[in-house]
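Note sheet for the following structure.
All of the numbers you see were taken from the coordinates with simple rules; none came from a lab. Computed from a predicted structure; not experimentally measured. Backbone-built Cβ (ideal geometry, glycine too); neighbour counts: all protein chains shown.
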Amino acid sequence: MLALAAGGCSSRHEQTLPANFVAEVDNPWFPLKPGTTYVYRGAKDGKPSREMLEVTHLTKTIQGVRAMVLHDNLYLAGKLAERTSDWYAQDADGNVWYLGEDTAEFDRNGRITSTEGSWQAGVDGAEAGIYMPAHPKVGESYSQEYYKGHAEDHFRVVSLRTSVDAPYSHSEAAMKTREWTPLEPGAIDFKYYLRGVGTVKEQAKNGSERGVLVSVRSS
């Protein structure tokens, strides 16, 4: 398992993936059912945003682990601004691991301007991290990813019973997490999750970015 310090926070980036993974990702806080599309609306960089997250039937083998492939398209003011493929897998204990992403940013003419942030576990020193623990506990922290100088996201569980109001659902029992990265000091995000649904809201502390779940479609 990922080397963890007391409280669940990664103290060093020396990691061995668990020996056993399962075919599905059914962690109740982050379930990924192939054929499901999540639609989020909000704002980013002063522009209205629409994000479409599709759980595909595709898989990708990374460090011997068969990961699920998610396609994430972000539109700003109606134009594709970012396209990402994310790779997740769940171990036998129920922890969801993040094994990397292939991302690209686009200008208003559809030309790729950057692929910064792309990484894959096992390549160039990059390491997988826990995206969602099987049994979240308030106060625990985790490293979601590690690719030195490029991808170093962390999160801490703030609450397991907080109120969240989104167009798709309302609940008094949402999980709230605080996310940060040493690559952008001062940049703090808060995410809200509902059991059986997944992410329902994301809000930057400085108000520069916001997204709420507006629909879930299954094919």
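Conditions (1) out of contact with any His (no Cβ under 7 Å at 6 or more places or on another chain); (2) under 19 Å from S219 (Cβ atoms); (3) buried (at least 17 other Cβ atoms within 10 Å of the Cβ), marked per residue:
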residue	(1), (2), (3)
K47	yes, no, no
L53	yes, yes, yes
T61	yes, no, no
L70	yes, yes, yes
A77	yes, no, no
T84	yes, no, yes
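For the range 190-213, filtered to residues that are of a type in the set (D, E, K, R) and more than 27 Å from P34 (Cα to Cα), the residue that is nearest to the chain's Cα centre (by Cα) is E209.
Restricting the search to strands (runs of 3 or more DSSP E) fully inside the range 106-183 and requiring at least 1 residues that are over 23 Å from K201 (Cβ atoms), over 16 Å from the mean Cα position of the chain (by Cα) and of a type in the set (F, W, Y) gives an empty result.
Suppose we filter the range 35-53 for residues that are touching an Asp or Glu at 6+ places or on another chain (Cβ under 9 Å) and part of a strand (DSSP E or B); how many remain?
Residues meeting the conditions: 13.
Which residue is farthest from the chain's Cα centre (by Cα), if the candidates are limited to the range 79-100 and must be among the aliphatic types (A, V, I, L, M) and over 14 Å from A23 (Cβ atoms)? Per the criteria, the residue is L80. For I130, indicate whether it is β-branched (V, I, T) and touching a residue at least 24 places away in the same chain (Cβ under 8 Å). Here the answer is yes, as I130 does meet what is asked. Scanning the range 121-135 for residues that are surrounded by 18 or more Cβ atoms within 10 Å (Cβ to Cβ) and of a type outside the set (S, T, Y) gives A121, A126, E127, A128, G129, I130, M132, P133. On inspection, S169 does not qualify as in contact (Cβ under 8 Å) with a residue 24 or more places away in the chain, touching a helix residue (DSSP H, G or I) at 6+ places or on another chain (Cβ under 8 Å) and either surrounded by 13 or more Cβ atoms within 10 Å (Cβ to Cβ) or more than 26 Å from T59 (Cβ to Cβ) (or both).
Restricting attention to the range 65-105, the residues being under 18 Å from Y40 (Cα atoms), in contact with a strand residue (DSSP E or B) (Cβ under 6 Å, 6 or more places away or on another chain) and not in a strand (DSSP E or B) number 1.
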